[in-house]
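Heads up, the thing below is written out as structure tokens.
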């Protein structure tokens with residue numbers, strides 16, 4: 001029996017494990033390794049933030065995968081031996097025939113002075129729950145949402161959040177007492193999309209009375225204030241942000257990554273420089289062919305990447321040639 005090890009129980013890992021197990025059945029042992037007990041559906045964080053979802057609505061036990069004969073190990077990955085085909089964890093060594101790396105990224109609030117003390121992370125489950133509590137008690141003042149650095153996951157999310165905040169306060173009848181400001185290091189909303197997309201988003205923000213500040217680098221956060229690199233100090237009653245994030249240390253210390261710490265992969269197969277080892281989702285260095293920039297990182301892309309990789313692994317395990325290719329699909 002062949003053995004596929006999947007590192008990470010996020011969107012990519014869950015989709016890959018299901019597709020591969022459904023295809024291979026008893027001919028393939030599929031194991032998901034994650035240090036967390038639960039899977040949190042991050043795409044619903046904006047709705048959780050404004051109370052349209054409850055924590056239980058977007059939380060599932062990873063052990064639910066066992067119902068489909070998928071092995072689940074709650075362990076922390078410490079080392080990936082690409083030549084020896086084994087992964088070391090805090091509980092032992094796991095051999096593999098095929099490996100799918102879907103470890104995502106980690107948030108580092110400590111890299112922005114004052115973030116931990118004075119802001120809430122809008123991309124973190126616990127942070128979002130705290131934001132919901134703050135919003136329910138917020139009746140007037142200025143809310144500033146900031147993006148700490150590039151690249152960041154799910155580029156549309158900050159704009160979605162701002163529109164949801166606008167809706168949230170309008171429903172409460174206090175929108176006229178609330179000031180909303182979005183601060184981004186990008187020169188335009190959705191800079192990787194066509195110019196008309198950014199123009200359209202700018203127009204919608206203006207129509208909703210949401211201020212947009214572009215090309216702004218966050219230097220530090222003070223109590224009720226955001227300090228930017230061009231000498232601007234933005235006062236705020238509530239600071240919400242996206243913390244800098246990059247791949248886990250186990251990947252950055254490996255020989256799998258590029259200079260930015262993302263796992264180098266073939267654009268079409270998601271295979272790394274080592275045969276039978278793949279990377280998908282936020283941790284993968286999928287770049288746009290023309291621009292050379294990283295393609296947007298979001299769960300929808302991880303889903304389709306997982307589909308391609310899982311189906312190709314199944315074919316390889318049967319002695320056939322891989323025939324599926326990733327074409328940048330995300331919707």
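The values are calculated or read from the model by the stated rules, or taken from the named source; none is laboratory data. From a predicted model like this one, the values you see are computed outputs, not experimental measurements. Here the Cβ positions follow ideal geometry from the backbone for every residue, glycine too, while neighbour counts run over all protein chains shown.
Worth pointing out:
- When the stretch 280-302 is filtered for residues that are crowded, with 19+ Cβ neighbours inside 10 Å and in a helix (DSSP H, G or I), the ones remaining, listed by number, are 281, 282, 283, 299, 301, 302.
Residues checked against (1) within 23 Å of residue 305 (Cβ to Cβ); (2) assigned by TED's automatic domain parsing to the domain that holds residue 182; (3) modelled with pLDDT of 95 or more; (4) out of contact with any helix residue (DSSP H, G or I) (no Cβ under 6 Å at 6 or more places or on another chain):
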| residue | (1), (2), (3), (4) |
| --- | --- |
| 93 | no, no, yes, yes |
| 115 | no, yes, yes, no |
| 129 | no, yes, yes, yes |
| 136 | no, yes, yes, yes |
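- Within the stretch 151-163, considering residues that are touching a strand residue (DSSP E or B) at 6+ places or on another chain (Cβ under 9 Å) and part of a loop (DSSP other than H, G, I, E, B), the one modelled with the lowest pLDDT: 151
- The stretch 209-226, residues that are touching a helix residue (DSSP H, G or I) at 6+ places or on another chain (Cβ under 6 Å) and surrounded by 15 or more Cβ atoms within 10 Å (Cβ to Cβ): 210, 212, 221
- Within the set 231, 173, 198, the sole residue that is out of contact with any helix residue (DSSP H, G or I) (no Cβ under 6 Å at 6 or more places or on another chain), at pLDDT below 95 and at positive phi turns out to be 231.
- Any hit, the stretch 225-241, residues being in the same structural domain as residue 95 (by TED's automatic domain parsing), more than 30 Å from residue 317 (Cα to Cα) and either touching a strand residue (DSSP E or B) at 6+ places or on another chain (Cβ under 7 Å) or in a strand (DSSP E or B) (or both): no
- Residue 272 fulfils the conditions (1) crowded, with 20+ Cβ neighbours inside 10 Å; (2) at pLDDT 95 or above; (3) within 19 Å of the chain's Cα centre (by Cα) except for a single criterion, (3).
- Test: residue 40 is at pLDDT 95 or above, touching a helix residue (DSSP H, G or I) at 6+ places or on another chain (Cβ under 6 Å) and more than 22 Å from residue 249 (Cα to Cα): no
- Residues that are over 21 Å from residue 120 (Cα atoms) and either touching a residue at least 40 places away in the same chain (Cβ under 8 Å) or under 27 Å from the mean Cα position of the chain (by Cα) (or both), drawn from the stretch 204-236: 204, 205, 208, 209, 215
- When residues in the stretch 76-88 are screened for being in contact (Cβ under 8 Å) with a residue 40 or more places away in the chain and surrounded by fewer than 17 Cβ atoms within 10 Å (Cβ to Cβ), 4 of them pass.
- Cβ-Cβ contacts under 8 Å between residues 6 or more apart (or on different chains), taken from a first residue in the stretch 315-331 that is within 13 Å of residue 276 (Cα to Cα) to a second residue that is modelled with pLDDT of 95 or more and exposed (fewer than 14 other Cβ atoms within 10 Å of the Cβ), are listed as 315/321; 315/323; 317/27.
- Output for the stretch 180-195, where each listed residue is farther than 21 Å from residue 167 by Cβ and at pLDDT 90 or above: 185, 186, 187
- The stretch 26-58: number of residues that are farther than 20 Å from residue 90 by Cα, outside any strand (DSSP E or B) and touching a strand residue (DSSP E or B) at 6+ places or on another chain (Cβ under 8 Å): 3
- Evaluation of residue 318 against (1) surrounded by 23 or more Cβ atoms within 10 Å (Cβ to Cβ); (2) under 17 Å from residue 4 (Cα atoms); (3) out of contact with any strand residue (DSSP E or B) (no Cβ under 7 Å at 6 or more places or on another chain) (one fails), failing number: (1)
- Scanning the stretch 67-105 for residues that are within 20 Å of residue 37 (Cβ to Cβ), in a strand (DSSP E or B) and out of contact with any strand residue (DSSP E or B) (no Cβ under 6 Å at 6 or more places or on another chain) turns up just one, 92.
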